[in-house]
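Novice: Right, I'll just put the structure down here and ask away after.
Bear in mind these aren't lab numbers, they're just calculated from the coordinates by the rules spelled out. These numbers were taken from a predicted model, which means no experiment stands behind them. So basically every Cβ, Gly included, is an ideal-geometry build from the backbone, and we count neighbours across all protein chains shown.
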């Protein structure tokens with residue numbers, strides 16, 4: 001669009017060359033009347049005067065706008081990719097911590113169960129410990145689901161997913 005707008009204010013030059021054998025108007029062919037003729041045409045269309053200059057500036061601005069929009073979209077995609085990767089790594093590291101918490105909560109529940117049976121703990125202690133263990137298991141399940149979703153998002157964004165069967169390469 002910019003090239004087209006700039007070309008509209010430039011003059012057009014055209015050239016035409018002819019070679020004639022003989023005389024066009026004489027019935028007898030006369031080789032002495034061979035002619036070589038050249039034409040040069042110079043045309044300029046100003047349209048609405050200098051408004052073409054402002055159209056050129058508008059086209060340049062539009063070109064810059066498109067370049068900046070492209071850069072912004074690239075940055076947005078990179079930021080999204082990095083955000084997904086960081087979330088994936090956080091979920092991955094959090095999974096190991098929650099697994100350790102589950103083992104610890106399970107040991108506490110077993111201990112409280114034994115202490116309850118001998119009368120050293122109350123029923124409410126067992127319920128609270130069981131609730132804590134269940135919350136850790138729910139958190140682990142949520143983290144594993146989040147990790148799977150993020151793995152697929154990252155694979156899709158990086159082109160590392162088989163679109164036919166959905167497997168990560």
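Novice: Which residues does a label at residue 169 reach in the range 70-98, if reach means a backbone N under 18 Å from a point 7 Å past the Cα toward the Cβ?
Specialist: Zone members listed by number: none at all.
Novice: Given axes a ≥ b ≥ c from the Cα gyration tensor, I'd like to know whether the range 66-157 is rounded (a/c under 1.5), prolate (a/b larger than b/c) or oblate. Walk me through the intermediate numbers first.
Specialist: Details: a/c = 5.48, a/b = 4.54, b/c = 1.21.
Prolate is the answer for the range 66-157, as a/c is 1.5 or above and a/b outweighs b/c.
Novice: Suppose the chain between residue 162 and residue 86 were pulled fully straight at 0.36 nm per residue; how much longer would it get relative to their current alpha carbon spacing?
Specialist: Full-extension gain reported as 25.0 nm.
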